[in-house]
1. Taking neighbour Cβ counts within 10 Å as the exposure measure, how do 385, 129 sort from fewest upward?
2. What is the extension gain from residue 92 to residue 246, computed as 0.36 nm multiplied by their sequence separation minus the C-alpha to C-alpha distance, in nm to one decimal?
3. Can you pull the one-decimal nm distance between simple spin-label points at residue 201 and residue 256, each 7 Å off the Cα toward Cβ?
4. Please find, in a Gaussian network model of the chain (springs between Cα atoms separated by less than 10 Å), the residue of 74, 141, 239 whose mean-square fluctuation is greatest.
5. Full-extension gain between residue 105 and residue 239, please, as 0.36 nm times their residue separation minus the C-alpha to C-alpha distance.
6. Across 10 Å bins from the origin, how do the percents of Cα pairs in the stretch 1-86 run, short distances first?
7. Anyone know which of 124, 65, 346 comes out most mobile in the 10 Å Cα GNM of the chain?
8. For the stretch 201-230 and the stretch 54-78, compute the distance between their C-alpha centroids and round to whole Å.
Amino acid sequence: MIAVIGIALVISITFAVSLFRPGAAFGLVICIFALTQWGQSTSTAIALNTSLVYIPAGVVLLTAVVAGALRGNIGRISWLTVLIWAFLGWVALSSTWSAYGGATDRLQSVFHLLAFFALLSPWVIRDMKDLRAGFTAALLIGLPLIVILVFTAEWGFRGLLIAGAWDVRTNPLAIATWAGMLVMIVLLMNFKGLGRMWQMLRWAVILGGLYLVAMSQSRGQFFFIFAAVVPMLMFSRRIRNVWQFVALIVALGLLLILGSFVLDAIGAGARWERVEIEFALAGRLENARTLLAAWFDGGMQAFLVGLGYAGSFNPNIVGFYPHFVPAEVLGEFGLIGASLFVAMLVLGAYRWLWLYRAVAPYPVARGLVSALGAIILFDFLLGFKQGTLLSQFFLLGGLTIVDRLCCSLQRMPQAAGLPHVPALQPPATARLGGA
């Protein structure tokens, strides 16, 4: 009952705040899986019907989008957003020629999550104030939730035990991904004013987040947190002299020490041994090889358009998704789909760099953009070890947010508290007209 009341309170407060600051709803999006799993672990009703959480959260998000639209938050649509939509359209179209007979049904089963995370949530972010509201909301929701899950939740092997079920656990990867994103946000943001309290609470979030990642036994999330944070920390802090570099090295050293301490504290076990990691990696590479062999043997049509969405689920191919998104993209969507995907990533990287250069003189905005970049990079890296393309919500949605921020800064830089910098405007080919 406590979890039900807590979730209802979080959703209600977020609803009220998002009417005035739509970006706050993005914080709820970041935390929704963790909130749902907390509910599943304590409430039989939520365990049996997770839509009791997802539907109210969807109402909050949709309301925030509408509230933002009424304030003119829709803004311009640039070529990066169009490219993302075109790629997703190609993915959906490919289900019509898929080598797996249940492709259309599978696509329909994941569409509601794709729409919630990747298609709808970016439209609550228009400027840096919205992004700051979203990340702040994620921390305000996330820190108490970390405390609850660390000290009161009942854990099985890798996941929370679901209420009313014997030895049935929640998805460990969802908890680990959420905790990893909170660690990156609180590490990379630069705080001022009342936000400086997070400088004191930062290490509590980091320690608790790493503990949850370790408890879920999610090796990829644990390692990729560091892989995403290290480069983005240099962007966030702008290393200008040797003392700043030393401070950065000390901070990273403390992070590594905390990580090692957490692994030792929980007794990490065999999953973290080298032979187990190599075995898991070999399995993913074998899945990728099998899928690409089927794609190559499929003839010119398959070479160009792929085996179709979820083609790897064919029992004669992999029988499941390959846990290796690059191979999935090439094998299922062909050279056409892979070209769209690579173009999306390249243009997204260009737009992020432009955005960073535009906000570089401003510590708060610089930290926000660095945190957003880390989340995108983190989700991209996870595609090399888990899940499927359409579960990379924060890669697809994050790139859309980057594009929207670029358009906003180019058109109305003062709205984000930044001066207009003509030298940093994207070329005309990088945007579409329309307010």
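Every number in this text was worked out from the coordinates using simple rules, so none of it is lab data. These numbers were taken from a predicted model, which means no experiment stands behind them. Heads up, the Cβs are rebuilt from the backbone with ideal geometry, glycines too, and the neighbour counts pull from every protein chain shown.
1. So the ranking, lowest neighbour count to highest, is 129, 385.
2. Full extension from residue 92 to residue 246 adds 50.5 nm.
3. Output for this residue pair reads 3.0 nm.
4. Greatest mean-square fluctuation among the candidates belongs to 239.
5. Once the chain is fully extended between residue 105 and residue 239, it gains 43.2 nm.
6. Result, from short to long distances: 17, 39, 28, 13, 2 percent.
7. Highest fluctuation of the listed residues: 346.
8. 31 Å
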